[in-house]
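Below you'll find the structure, written out as structure tokens, and then a few comments.
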Amino acid sequence: MSNHVQISAYYQSLLESLGPDHPLRRTVFPLDDFSPEPGDSDDPLGEEIHSPVPGLIHTYPDKVLLLATLNCAVYCRYCTRGRLVGKTTNPWGTKSEIQSRWFQWLGKHEKVRDVLISGGDPLTLSDGELDGLLAGVRKTDHVRTVRVGSKAPAVWPQRITPALADILAKHRVWLQLHFIHPAELTQETTQACDTLAAAGVPLVSQTVLLKGINDDVNTLTGLFYGLLERRVKPYYLFQCDPVTGSSSFRTPVEKGLQLISELQGRVSGLALPVFALDAPGGGGKIPLLPNSRFHREGNEIVLTNYEGKEYRYPDPEGGIQPAAETPRL
Ligand code: SF4
């Protein structure tokens, strides 16, 4: 859990305008009980043991995560990387030393196709620093996809300038945003998303499911449609990681499954993210599906839609048994 309280002037004024009881306040101010629970961890995803080089995390064979900075515009109380973010001095050395180790490592690992630059929030770097880092990553021929994770359009939309958008577009970056509530979709945020989309930067969003903040179908519907309107594809809805002291934010896994099931009937497929859990200890993201809504009857698959009505799809027997392939929780 992040112990650091810091909030951009913009987000502070947004929270003030929402009133003293708005649940978003809990995500940045220490208003909850942060006592650790059994199973909590300071490093719930086991990043430290998957870090061959400081600040570089290698969990999947084809992907790598670079922690470009430990600074954020706002510190979230449920942050998975609360053990690191907000530190005033980087524990791994100077930026140029760290990055030169990363680029050497990348050059030797030809299976890596996808680089995610995160932190902290990489958009707290200056335009020049970000441009230099992206150029260094792009020099590695086998890297095909570069993603940058940022919460800036939600909490510091003024950071999104045409010059920054051009840098991201030049390096063919996918921008992976972090929105948790429709109240974050202000006029300023819309302008920031428009600037990025106009420059040709593809936008997706990740949302952490948070108890009492966004764990109801109306809030999520408003958020996901609001994102689509702003040309941001809802990508993942995450079960909150068991980071130390975050239990007051966590919902039971079944709650997320129920919400996804309800959303399937209410929002267009484009607005529906994948509900997933990041396996503790570094097992990677595991998509979670609501209970299977189909079973086989002879040569037919019997499906149940979101209203509970049954439909039959002709399908000769002998294929893969769908029920056995679908996780049930
Ligand atoms: S913006 Fe991201 S990295 Fe920073 S505190 Fe929030 S969740 Fe953590």
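The values are calculated or read from the model by the stated rules, or taken from the named source; none is laboratory data. Computed from a prediction, not measured in an experiment: that's the story for all the values here. Positions of Cβ are generated from backbone atoms using ideal geometry, with glycine treated the same way; all protein chains shown enter the neighbour counts. Accessible surface areas use protein heavy atoms only, side chains included; no ligands, DNA or RNA. Shrake-Rupley method; radii C 1.70, N 1.55, O 1.52, S 1.80 Å.
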*From the residues in region 102-128 that are more than 17 Å from residue 61 (Cβ to Cβ) and among the acidic types (Asp, Glu), which one is farthest from the ligand (Cβ to nearest atom)?*
127
*Mind listing just one residue for me: the one in region 201-230 that is under 28 Å from residue 171 (Cβ atoms) and within 16 Å of the ligand (Cβ to nearest atom) and, of those, farthest from the chain's Cα centre (by Cα)?*
204
_Residue tally, condition among the aliphatic types (A, V, I, L, M), closer than 21 Å to residue 269 by Cβ and at pLDDT 80 or above, over region 290-314_ = 1
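Suppose we keep only residues that are open to solvent by less than 20 Å² (accessible area, probe 1.4 Å) and out of contact with any Cys (no Cβ under 9 Å at 6 or more places or on another chain) within region 222-238. Which one would you say is farthest from residue 262 (Cα to Cα)?
So in region 222-238, the residues open to solvent by less than 20 Å² (accessible area, probe 1.4 Å) come out as 223-224, 226-227, 232, 234, 237.
Pick out the ones that are also out of contact with any Cys (no Cβ under 9 Å at 6 or more places or on another chain) and you get 223-224, 226, 234, 237.
Working: 223: 15, 224: 13, 226: 18, 234: 16, 237: 14 Å.
Out of the qualifying residues, it is 226.
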*Looking at (1) at pLDDT below 95; (2) of a type in the set (Val, Ile, Thr); (3) away from the ligand (no atom under 16 Å from the Cβ), can you tell me which one residue 243 breaks?*
(3)
*Across region 1-60, what is the total count of residues that are within 14 Å of the ligand (Cβ to nearest atom) and either modelled with pLDDT under 90 or part of a loop (DSSP other than H, G, I, E, B) (or both)?*
17
*Hey, residue 94 hits all of (1) within 16 Å of the ligand (Cβ to nearest atom); (2) surrounded by fewer than 19 Cβ atoms within 10 Å (Cβ to Cβ) but one; which does it fall short on?*
(1)
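For region 110-124, which positions are surrounded by 16 or more Cβ atoms within 10 Å (Cβ to Cβ) and out of contact with any helix residue (DSSP H, G or I) (no Cβ under 9 Å at 6 or more places or on another chain)? Show your work before the answer.
Step one: of region 110-124, the residues surrounded by 16 or more Cβ atoms within 10 Å (Cβ to Cβ) are 112, 115-124.
Result: 116, 118, 119, 120.
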